[in-house]
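**Q** Structure in C-alpha coordinates, see below.
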Amino acid sequence: MEIQQAAAAEIGKHRRLLRTGRDGRILSALMLPFLRVAPPAGFGVLTTTGRKTGKRRSKCVRVIRSGDRAYLAALRLPHIAVQHPDWVNAWVHNIRANPLVRLRIRGGTYDGVAREIDDAAEREHARRLLCDNVFPTDYCECALHVRGLPSRTKVQDLHRYWFKTGNPVAIDLKERR
(Lines give C-alpha, C1' and ligand atoms only; values in the text may rest on other atoms or scores of the structure.)
Protein backbone atom coordinates (compact mmCIF):
# COMPACT_ATOMS: atom_id res chain seq x y z
CA MET A 1 0.00 0.00 0.00
CA GLU A 2 2.84 2.41 0.90
CA ILE A 3 4.56 1.75 -2.43
CA GLN A 4 1.34 2.40 -4.36
CA GLN A 5 0.77 5.67 -2.49
CA ALA A 6 4.33 6.86 -3.09
CA ALA A 7 4.09 5.92 -6.77
CA ALA A 8 0.71 7.62 -7.19
CA ALA A 9 2.15 10.82 -5.71
CA GLU A 10 5.07 10.72 -8.20
CA ILE A 11 3.35 9.54 -11.37
CA GLY A 12 2.53 13.04 -12.66
CA LYS A 13 6.15 14.16 -12.34
CA HIS A 14 7.56 11.33 -14.45
CA ARG A 15 7.88 10.96 -18.18
CA ARG A 16 6.45 7.83 -19.76
CA LEU A 17 9.66 7.14 -21.66
CA LEU A 18 10.11 3.81 -19.92
CA ARG A 19 6.72 2.13 -19.93
CA THR A 20 7.68 -1.47 -19.19
CA GLY A 21 10.51 -3.50 -17.73
CA ARG A 22 11.43 -4.31 -21.34
CA ASP A 23 12.01 -0.61 -22.07
CA GLY A 24 14.39 -0.45 -19.12
CA ARG A 25 16.28 -3.47 -20.43
CA ILE A 26 16.62 -1.81 -23.85
CA LEU A 27 17.94 1.43 -22.32
CA SER A 28 20.37 -0.55 -20.17
CA ALA A 29 21.57 -2.52 -23.21
CA LEU A 30 22.25 0.74 -25.07
CA MET A 31 24.25 2.16 -22.16
CA LEU A 32 26.09 -1.06 -21.32
CA PRO A 33 29.00 -0.80 -23.80
CA PHE A 34 29.88 2.69 -22.57
CA LEU A 35 29.63 1.85 -18.88
CA ARG A 36 31.71 -1.29 -19.29
CA VAL A 37 34.58 0.80 -20.66
CA ALA A 38 34.45 3.77 -18.32
CA PRO A 39 31.64 3.97 -15.78
CA PRO A 40 31.08 7.53 -14.56
CA ALA A 41 30.86 8.32 -10.86
CA GLY A 42 27.63 6.99 -9.43
CA PHE A 43 27.05 4.33 -12.10
CA GLY A 44 28.26 0.84 -12.82
CA VAL A 45 27.57 -2.52 -14.38
CA LEU A 46 26.19 -5.26 -12.15
CA THR A 47 26.60 -8.83 -13.38
CA THR A 48 24.47 -11.54 -11.79
CA THR A 49 23.88 -15.19 -12.62
CA GLY A 50 20.44 -15.90 -14.08
CA ARG A 51 18.35 -17.90 -11.63
CA LYS A 52 16.74 -19.99 -14.38
CA THR A 53 19.37 -20.08 -17.15
CA GLY A 54 22.61 -19.90 -15.16
CA LYS A 55 23.88 -17.35 -17.72
CA ARG A 56 25.67 -14.16 -16.73
CA ARG A 57 23.36 -11.13 -16.89
CA SER A 58 24.67 -7.56 -16.90
CA LYS A 59 22.65 -4.49 -15.98
CA CYS A 60 23.49 -0.79 -15.76
CA VAL A 61 22.84 0.47 -12.23
CA ARG A 62 23.23 3.57 -10.14
CA VAL A 63 25.68 2.59 -7.41
CA ILE A 64 27.70 4.33 -4.72
CA ARG A 65 30.76 2.78 -3.11
CA SER A 66 31.54 3.35 0.55
CA GLY A 67 34.65 1.57 1.77
CA ASP A 68 34.39 -2.14 1.08
CA ARG A 69 30.67 -1.96 0.24
CA ALA A 70 28.64 -0.70 -2.65
CA TYR A 71 25.00 0.35 -2.39
CA LEU A 72 22.28 0.40 -5.01
CA ALA A 73 18.50 0.26 -5.18
CA ALA A 74 16.34 -1.59 -7.66
CA LEU A 75 13.88 0.99 -8.90
CA ARG A 76 10.17 0.75 -9.63
CA LEU A 77 8.77 3.12 -12.21
CA PRO A 78 5.68 4.91 -10.80
CA HIS A 79 3.15 3.69 -13.37
CA ILE A 80 4.34 0.08 -12.84
CA ALA A 81 4.43 0.40 -9.03
CA VAL A 82 0.83 1.65 -8.91
CA GLN A 83 -0.42 -1.44 -10.72
CA HIS A 84 2.15 -3.96 -9.45
CA PRO A 85 3.56 -2.83 -6.06
CA ASP A 86 5.19 -6.22 -5.46
CA TRP A 87 7.04 -6.23 -8.80
CA VAL A 88 10.75 -6.94 -8.39
CA ASN A 89 13.56 -6.46 -10.91
CA ALA A 90 14.96 -9.64 -12.45
CA TRP A 91 18.43 -8.87 -11.12
CA VAL A 92 17.07 -8.83 -7.55
CA HIS A 93 15.52 -12.27 -8.12
CA ASN A 94 18.91 -13.39 -9.46
CA ILE A 95 20.66 -12.07 -6.33
CA ARG A 96 18.18 -13.87 -4.11
CA ALA A 97 18.96 -17.12 -5.92
CA ASN A 98 22.75 -16.58 -6.14
CA PRO A 99 24.29 -13.63 -4.26
CA LEU A 100 27.72 -13.88 -5.93
CA VAL A 101 28.01 -10.91 -8.29
CA ARG A 102 30.53 -8.85 -10.21
CA LEU A 103 30.45 -5.06 -10.14
CA ARG A 104 32.25 -2.77 -12.59
CA ILE A 105 32.56 0.74 -11.19
CA ARG A 106 34.93 3.63 -11.56
CA GLY A 107 38.19 2.32 -10.19
CA GLY A 108 37.86 -1.29 -11.23
CA THR A 109 35.90 -4.50 -11.32
CA TYR A 110 35.07 -6.31 -8.10
CA ASP A 111 33.60 -9.64 -7.14
CA GLY A 112 31.17 -9.43 -4.28
CA VAL A 113 28.33 -10.87 -2.31
CA ALA A 114 25.04 -9.01 -2.69
CA ARG A 115 22.19 -8.89 -0.21
CA GLU A 116 19.04 -6.93 0.35
CA ILE A 117 19.44 -4.49 3.25
CA ASP A 118 17.45 -5.41 6.37
CA ASP A 119 19.31 -3.47 9.07
CA ALA A 120 17.72 -0.04 9.74
CA ALA A 121 21.04 1.75 10.37
CA GLU A 122 22.63 0.36 7.21
CA ARG A 123 19.49 1.18 5.25
CA GLU A 124 19.68 4.81 6.42
CA HIS A 125 23.40 4.96 5.52
CA ALA A 126 22.60 3.61 2.04
CA ARG A 127 19.71 6.08 1.64
CA ARG A 128 21.96 9.04 2.47
CA LEU A 129 24.67 7.87 0.06
CA LEU A 130 22.29 7.13 -2.82
CA CYS A 131 19.96 10.09 -2.39
CA ASP A 132 22.19 12.94 -1.23
CA ASN A 133 25.08 12.51 -3.69
CA VAL A 134 24.49 14.05 -7.11
CA PHE A 135 26.89 13.52 -10.01
CA PRO A 136 26.88 15.22 -13.45
CA THR A 137 25.44 12.12 -15.17
CA ASP A 138 22.51 12.14 -12.73
CA TYR A 139 21.14 15.20 -14.54
CA CYS A 140 20.89 13.18 -17.77
CA GLU A 141 19.21 10.35 -15.88
CA CYS A 142 16.78 12.83 -14.36
CA ALA A 143 15.96 14.27 -17.80
CA LEU A 144 15.04 10.78 -19.00
CA HIS A 145 12.68 10.13 -16.10
CA VAL A 146 11.30 13.42 -14.80
CA ARG A 147 9.40 16.16 -16.62
CA GLY A 148 10.99 19.60 -16.90
CA LEU A 149 14.55 20.85 -16.61
CA PRO A 150 16.72 18.71 -14.32
CA SER A 151 17.93 20.27 -11.09
CA ARG A 152 19.81 19.02 -8.04
CA THR A 153 16.56 18.93 -6.07
CA LYS A 154 14.76 16.95 -8.79
CA VAL A 155 17.64 14.47 -8.95
CA GLN A 156 17.56 13.99 -5.18
CA ASP A 157 13.76 13.66 -5.16
CA LEU A 158 13.96 11.05 -7.93
CA HIS A 159 16.56 9.06 -6.02
CA ARG A 160 14.53 9.31 -2.79
CA TYR A 161 11.50 7.94 -4.62
CA TRP A 162 13.52 5.06 -6.06
CA PHE A 163 15.01 4.23 -2.68
CA LYS A 164 11.66 4.44 -0.89
CA THR A 165 9.83 2.19 -3.36
CA GLY A 166 12.72 0.01 -4.54
CA ASN A 167 14.78 -2.79 -3.11
CA PRO A 168 17.95 -1.44 -1.45
CA VAL A 169 20.92 -3.76 -1.96
CA ALA A 170 24.41 -3.85 -0.45
CA ILE A 171 27.33 -5.60 -2.08
CA ASP A 172 30.19 -6.66 0.15
CA LEU A 173 33.14 -6.19 -2.20
CA LYS A 174 36.05 -8.58 -2.38
CA GLU A 175 39.47 -7.84 -3.86
CA ARG A 176 39.67 -5.90 -7.09
CA ARG A 177 40.06 -8.00 -10.24
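The values are calculated or read from the model by the stated rules, or taken from the named source; none is laboratory data. Small disclaimer: the values here were computed from a predicted structure and weren't measured. All Cβ positions, glycine included, derive from the backbone under ideal geometry; neighbour counts span all protein chains shown. These accessible areas exclude ligands, DNA and RNA; they are computed on the full protein's heavy atoms, side chains included. Shrake-Rupley method; radii C 1.70, N 1.55, O 1.52, S 1.80 Å.
**Q** May I ask you to verify whether Val134 is open to solvent by 20 Å² or more (accessible area, probe 1.4 Å), farther than 16 Å from Phe43 by Cα and of a type in the set (Val, Ile, Thr)? Before the answer, list the steps.
**A** On the way: open to solvent by 20 Å² or more (accessible area, probe 1.4 Å): yes; farther than 16 Å from Phe43 by Cα: no; of a type in the set (Val, Ile, Thr): yes.
When the stated conditions are applied, Val134 does not pass them.
**Q** Looking only at region 22-65, filter to residues that are open to solvent by less than 50 Å² (accessible area, probe 1.4 Å) and among the polar types (S, T, N, Q); which one of those is modelled with the lowest pLDDT?
**A** That would be Ser28.
**Q** Where the second residue is at pLDDT 90 or above and buried (at least 17 other Cβ atoms within 10 Å of the Cβ) and the first is among the basic types (Lys, Arg) and assigned to a helix (DSSP H, G or I) and lies in region 156-167, which pairs have Cβ atoms under 6 Å and are six or more apart or on separate chains?
**A** Close Cβ pairs (under 6 Å, with a partner that is at pLDDT 90 or above and buried (at least 17 other Cβ atoms within 10 Å of the Cβ)) amount to Arg160/Cys131.
**Q** Follow-up. Can you name every residue in region 137-177 that is closer than 19 Å to Ala41 by Cβ, surrounded by fewer than 15 Cβ atoms within 10 Å (Cβ to Cβ) and among the small types (Gly, Ala, Ser)?
**A** Ser151
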